[in-house]
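Input: a single structure, listed below in structure tokens.
The values are calculated or read from the model by the stated rules, or taken from the named source; none is laboratory data. Keep in mind that this is a model prediction, so the values were computed, not measured. Cβ placement follows ideal geometry from the backbone for every residue including glycine, while neighbour counts extend to all protein chains displayed.
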């Protein structure tokens, strides 16, 4: 019987990353993004190796949502800088 240790770890990391994302201010969310990246890696390994894939998939979904917000945040910064450059020059 295979365990789902990596899947549970991915899910717990996804939950912690989600909580940190909503608690910390924008510029301190780096810890949540790093945790989400680690959770994605553990979730992918868990899906590939574990027999019980439910926790791995849930962890992947949670971490993917946090990374989506990360990329949205980065794109908004780039867009803001571009618009500021266009308006000044």
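Details
- Of all residues in the stretch 52-79, those that are under 13 Å from residue 29 (Cβ atoms) have Cβ atoms under 9 Å from Cβ atoms of residues that are assigned to a loop (DSSP other than H, G, I, E, B), 6 or more apart or on another chain, in 66/29; 69/29; 70/29; 73/29.
- Residues satisfying the stated conditions in the stretch 46-59, i.e. in a helix (DSSP H, G or I) and farther than 9 Å from residue 7 by Cβ: 48, 49
- In the set 68, 28, only one residue is more than 19 Å from residue 4 (Cβ to Cβ), loosely packed, with under 13 Cβ neighbours inside 10 Å and modelled with pLDDT of 90 or more; that residue is 68.
Yes/no per residue for (1) buried (at least 16 other Cβ atoms within 10 Å of the Cβ); (2) modelled with pLDDT of 90 or more; (3) out of contact with any strand residue (DSSP E or B) (no Cβ under 8 Å at 6 or more places or on another chain):
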| position | (1), (2), (3) |
| --- | --- |
| 4 | yes, no, yes |
| 10 | yes, yes, yes |
| 19 | no, yes, yes |
| 39 | yes, yes, yes |
| 43 | yes, yes, yes |
| 46 | yes, yes, yes |
| 64 | no, yes, yes |
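One line per residue, one yes/no per condition, for (1) assigned to a helix (DSSP H, G or I); (2) touching a helix residue (DSSP H, G or I) at 6+ places or on another chain (Cβ under 7 Å); (3) in contact (Cβ under 8 Å) with a residue 40 or more places away in the chain:
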{"residue": "9", "(1), (2), (3)": "yes, yes, yes"}
{"residue": "14", "(1), (2), (3)": "yes, yes, yes"}
{"residue": "17", "(1), (2), (3)": "yes, yes, yes"}
{"residue": "22", "(1), (2), (3)": "yes, no, no"}
{"residue": "36", "(1), (2), (3)": "yes, yes, no"}
